[in-house]
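To keep things clear, I will list the structure first and then write my remarks on it.
The values are calculated or read from the model by the stated rules, or taken from the named source; none is laboratory data. What you see is a predicted model; the values in this text were computed from it and never measured. Heads up, the Cβs are rebuilt from the backbone with ideal geometry, glycines too, and the neighbour counts pull from every protein chain shown. All accessible areas refer to the heavy atoms of the entire protein, side chains included, with ligands and DNA or RNA removed. Shrake-Rupley method; radii C 1.70, N 1.55, O 1.52, S 1.80 Å.
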Amino acid sequence: MATTYDYEEAPATYDEGRHQDLGYDPNFVPDSVKSFVVHLYRHIREKNVYEIHQMYEISFQTLSDRLFKDTPWPSVDAVAHYVDNDQVFCLLYREMWFRHLYARLSPTLKQRIDSWDNYCSLFQVVLHRVVNMQLPNQWLWDMVDEFVYQFQSFCQYRAKMKNKTEQEIALLRQYDQAWNVYGVLNYLQAFVEKSNIIQILKQEKEGLEQFTATDGYDYSGGSNVLKVLGYFSMVGLLRVHCLLGDYQTGLKCLLPIDISQQGVYTSVIGSHIATIYHYGFANLMLRRYVEAIREFNKMLLYIYKTKQYHQKSPQYDQILKKNEQMYALLAICLSLCPQVKLVDETVNSQLREKYGEKMARMQRYDDEAFVIYDELFSYACPKFITPSAPSFEEPLVNYNQDAYRLQLKLFLYEVKQQQLLSGVRTFLKVYSTISLGKLANYMEVDEPTLRTILLTYKHKTHAVDSDGKIISNADVDFYIDDDMIHVVESKAVKRYGDYFLRQIVKLEGVINDMDRIKLE
């Protein structure tokens, strides 16, 4: 059981209250913060992962809510002497300091640049020195996640050039390497390579390593920091490449992690959701609809079953938001590739409740349907970025929406190409065999045009997977032999198990209700 320290529940002292009334003083350190910092430093030195996790996940949030709702935490200089001026701890404290600032306030340009410098210093220590620490997976994931988020936020901020002051423009010119896309990618890639995580995961498959079984922790007295940062950096690289619109490369970065199995990425709910969200989105944009549907379905079912356990988590709002976005992406996938048999009944029921009417209208492929596709894509897509620095010479313009508009344009172009296919699919579902001439007559086109449409159907319902193999997304397939079209429809596998399980749960509910009734 976690030790309960004074800083968790103690009411604010007079001095702490005065500090809040008089505004923010970066050098003022309340007693509860002193206690927090000293205990956290001690637990990190002792490698007490459980206590570190409790303090990081619960106590830090409690103090933030009570003392620093709309102000930053005390500066690192103010707390450094409580922790023997330990360089690594001070870098970790500043990492949390900046994360709190981004979450509660709006950072200035100088603070964004300072945060980049802090990440550079922290990552250099991890990469080039022996770091004798064990940190919770949650904290290590949050480091990678926040690093990518702040990069994305900086790119969006920098792209809004119209209202920049001369001082801000001068700072952007001076610190042109801050949050540089190559720097961000290099750090993430350096973690992957230096940690040797790809080799570790390969050896684990051969039974020579115990990385997943121990959740990445080192129980022999070593450090988990570099290995786990390397592992989560693969997810970070997927996310960055999705923000840049390079989906193929993003999926290649994730290849060493087998997402069909439980792994360290599933040990942290935020990591689990981010991995599947970006993996599914990348597959959607590469027309691998079946793979996207399969993974969205599994993730949505997992959230449906477990979200009540995360209600007190700081990530709860983010979990709900990503849940809604994945339902929107699943609606898009099923409208472009009607493979409902891949979706669990619970997820399908939720989906029909949220988007049933819109999905029916999306099948019509008229102007109204394109508006819905636009709406769902815009709501559920990542916040795409333009990573290049602005041109300071030209008239200053905002270009923060350019990357999003380009990805939306490419997506809607793909949807429009699917318009012809809806008619073909309708006829193929009705017939087991039909002549080319007859189908051409029904579709009111000539035979050469019909052959082109059928080839387009074949092309659009097939994609290339990560191994370079051609995979089919089609719910209805066909082949042509002597001007006759032979239809091959995939049969849905009936799931009797799910039905019986639901009935058992209902019966148990009825029995429990009956037990509560008092008979006179």
* Asked: What number of residues in the range 27-51 are part of a loop (DSSP other than H, G, I, E, B) and farther than 13 Å from LEU67 by Cα?
  -> 4
* **Matching residues, the range 101-113, being in a helix (DSSP H, G or I) and surrounded by fewer than 18 Cβ atoms within 10 Å (Cβ to Cβ)** => TYR102, ALA103, ARG104, LYS110, GLN111
* Structure fact -> Result of the Cβ filter at 7 Å on the range 379-392, keeping first residues that are in a loop (DSSP other than H, G, I, E, B) and partners that are charged (D, E, K, R), at least 6 apart or interchain, is THR386/ASP402; ALA389/ASP176; PRO390/ARG158; PHE392/ARG173
* Asked: Within the range 377-391, is even one residue loosely packed, with under 15 Cβ neighbours inside 10 Å and modelled with pLDDT under 85?
  -> yes
* Asked: Restricting the range 453-475 to residues that are assigned to a helix (DSSP H, G or I) and either small (Gly, Ala, Ser) or open to solvent by 80 Å² or more (accessible area, probe 1.4 Å) (or both), which is farthest from ASN283 (Cα to Cα)?
  -> LEU455
* Asked: Residues of the range 449-468 being within 15 Å of ILE485 (Cβ to Cβ), within 32 Å of the chain's Cα centre (by Cα) and among the polar types (S, T, N, Q), which ones?
  -> THR461
* **Candidates ASP367, ASP374, ASP344, filtered to the one that is surrounded by fewer than 18 Cβ atoms within 10 Å (Cβ to Cβ), acidic (Asp, Glu) and more than 25 Å from GLY423 (Cβ to Cβ)** => ASP344
* Given LYS460, LYS383, which one is basic (Lys, Arg), touching a helix residue (DSSP H, G or I) at 6+ places or on another chain (Cβ under 7 Å) and in the same structural domain as GLN325 (by the TED database)? -> LYS383
* Structure fact -> Of all helices (runs of 4 or more DSSP H) fully inside the range 270-362, the set with 2 or more residues that are more than 15 Å from the chain's Cα centre (by Cα) and farther than 21 Å from ASN473 by Cβ is 289-306, 345-362
* Could you grab me the full set of residues in the range 476-516 that are surrounded by fewer than 11 Cβ atoms within 10 Å (Cβ to Cβ), within 30 Å of LYS438 (Cα to Cα) and at pLDDT below 75? => LYS491
* **Single residue of the range 66-95 satisfying the filter (more than 13 Å from VAL38 (Cβ to Cβ) and hydroxyl-bearing (Ser, Thr, Tyr)) that is surrounded by the fewest Cβ atoms within 10 Å (Cβ to Cβ)** => SER75
* Structure fact -> Within the range 159-179, the count of residues that are touching a residue at least 40 places away in the same chain (Cβ under 8 Å) and out of contact with any Lys or Arg (no Cβ under 8 Å at 6 or more places or on another chain) comes to 10
* Asked: Wholly within the range 180-261, which helices (runs of 4 or more DSSP H) include no fewer than the required count, namely at least 3 residues that are more than 28 Å from LEU408 (Cα to Cα), open to solvent by less than 60 Å² (accessible area, probe 1.4 Å) and not aromatic (Phe, Trp, Tyr)?
  -> 181-195, 197-205, 225-244
* Identity of the residue in the range 274-325, surrounded by 23 or more Cβ atoms within 10 Å (Cβ to Cβ) and β-branched (Val, Ile, Thr), that ends up farthest from PHE384 (Cα to Cα) -> ILE293
* Asked: LYS469 passes all but one of (1) among the charged types (D, E, K, R); (2) modelled with pLDDT of 75 or more; (3) under 28 Å from SER435 (Cβ atoms); which number fails?
  -> (3)
* Could we say that LEU63 is open to solvent by less than 10 Å² (accessible area, probe 1.4 Å) and out of contact with any Leu (no Cβ under 9 Å at 6 or more places or on another chain) here? -> yes
* Quick one: in the range 114-131, which of the residues that are in a helix (DSSP H, G or I) and among the aliphatic types (A, V, I, L, M) is surrounded by the most Cβ atoms within 10 Å (Cβ to Cβ)? -> VAL126
